[in-house]
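All of the numbers you see were taken from the coordinates with simple rules; none came from a lab. Here the structure is a predicted model, which is why all the values come from computation and not from measurement. Heads up, the Cβs are rebuilt from the backbone with ideal geometry, glycines too, and the neighbour counts pull from every protein chain shown.
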């Protein structure tokens, strides 16, 4: 069996977590009549947590897996892409029995994506300021 080229493998390492998060979010949105989340997590908290992870994963991929690759434009792109997926996910829920679209869910998605992206930006800033090592 031949291995894929290094470039292809590195793209999977970068974008694989993004794809995984998209699949998990889509799967959770496909559950009919979902009333509560496991562990007593509120609906809006669940959205914020999931989209913080998605925003962070997108930022990591856009930055090439390197903290020094984090820029304001990549942060904004990560927030926009995650929020756009949130909009499409709410549209998807219109077709799931017992589910509906909610603009406040999209707001929670955007807030979560912003928080996840902000953590990436803070880590990048900490590296630039010499607080973190420069190995990443």
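Within the stretch 82-106, being touching a residue at least 24 places away in the same chain (Cβ under 8 Å) and surrounded by 14 or more Cβ atoms within 10 Å (Cβ to Cβ) holds for 82, 83, 85, 86, 89, 92, 93, 96, 99, 105.
For the stretch 55-68, does any single residue satisfy the condition of being under 26 Å from residue 97 (Cβ atoms), touching a residue at least 40 places away in the same chain (Cβ under 8 Å) and out of contact with any helix residue (DSSP H, G or I) (no Cβ under 6 Å at 6 or more places or on another chain)? Scanning the stretch 55-68, I find no residue that is under 26 Å from residue 97 (Cβ atoms), touching a residue at least 40 places away in the same chain (Cβ under 8 Å) and out of contact with any helix residue (DSSP H, G or I) (no Cβ under 6 Å at 6 or more places or on another chain), so the answer is no.
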